[in-house]
Amino acid sequence: MELNLTKPIAFFDLETTGIKVATDRIVEISIVRQQVDGSVKIKTLRINPEMPIPPEVTEIHGISDEDVKDCPTFKQVARELAQFLDNCDLAGYNSNHFDIPLLVEEFLRAGVDFEMKGRRCVDVQNIFHKMEPRNLSAAYKFYCDRNLENAHSAEADTLATFEILKSQLDRYADVEFKDRKGNITQPVINDIKALSDFTWSTKAVDLIGHIVYNDKNVEVFNFGKHKGKAVTQVLKDEPSYYDWMMRGEFPLSTKKVLTMLKLRNNSNSSVKLDLF
């Protein structure tokens, strides 16, 4: 079905240096502008973010510092982009939450007043999530083609989950999966270890993810003022942080991991612990 437009609409997507609207920058922007008459114009630009692109981000979108070193900065193309988006409603995927706020932030940094008043914003992801709920009842209907009776009854939910897994094994037998690094596997097989490896987050150290492994396989905090810092280094530099966490409302499993890392640190061991 073709879009029924009363004014142009611009679908756009950003590739960035990260996900922090206040500090991260755009490295690529692509805009598909559809006119009321149905004609389409496309503009895609690589942009020098004037800051390093973290290696883990480059792994996701494939754009490196070398790729953008000779590209224009956002300030140099800001007025061109604002003109291309003039009088347009905006649309994207997760755009209301991320792409639009970051784009406006970039315009403000460049001294361009990109007016949002009067623009209608369509987030395709929100339509997807609202119309195709991702709860247990929806999964049961999708995989087992039956309505889940007595949803939120522990027994009914547990039996439904059991049936869903068996159905998934049938549906995804021999189906390939491509991860973010481009590796292709057939992970959904009738083997519990393989299923566990596929569904468990290998980055988490504790069960809830307050402590995770970084790209160097070092345990780092994943929250608060020390986010991204090595746990053992923080405990060495600020011993009181351990006491604060042990007194705080953190899961006992997290406190167990923290204590084990502290003990390892005190023994000066570099051996990776099998914490769970």
Notebook entry, point to check: Could you give the dipole magnitude of region 211-266 about its Cα centre, charging the beta-carbon of Lys and Arg +1 and that of Asp and Glu -1, in debye to the nearest 20?
Noted result: 60 debye
Margin query: Which order do the peptides 40-47, 256-263 come out in when sorted by mean C-beta neighbours inside 10 angstrom, highest first?
Written below: 256-263, 40-47
Next item on the list: Work out how much length residue 82 to residue 163 would gain on full extension: take 0.36 nm times their residue separation and subtract the Cα-Cα distance, in nm to one decimal.
Entry: 24.0 nm
Check: Given the pairs 41/181; 20/203; 225/255; 178/256; 203/227, which span a C-alpha to C-alpha distance of over 25 angstrom in this model?
Finding: 41/181; 178/256
Check: Rounded to the nearest 0.05, what FRET efficiency do residue 194 and residue 256 have when you use their Cβ-Cβ distance and R0 = 30 Å?
Finding: 0.65
Check: Going by how many other beta carbons lie within 10 Å of each one, how would you line up 137, 196, fewest first?
Finding: 196, 137
Item checked: Peptide ranges 56-67, 83-94 listed from the most packed, as the mean C-beta count within 10 angstrom indicates -> 83-94, 56-67
Check: Cα-Cα over 19 Å: which of 193/216; 193/262; 229/262; 130/166?
Finding: 193/216; 193/262; 130/166
Notebook entry, point to check: Going by the alpha-carbon gyration tensor, a ≥ b ≥ c the square roots of its eigenvalues, is the chain rounded (a/c under 1.5) or, if a/c is not under 1.5, prolate (a/b greater than b/c) versus oblate?
Noted result: oblate
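Any read-out appearing in this document is the output of simple, stated calculations on the displayed coordinates, not a laboratory observation. In this text, all values refer to a predicted model and were calculated from it rather than measured experimentally. Quick reminder, even Gly has a Cβ in these numbers, built from the backbone with ideal geometry, and neighbours come from all protein chains shown.
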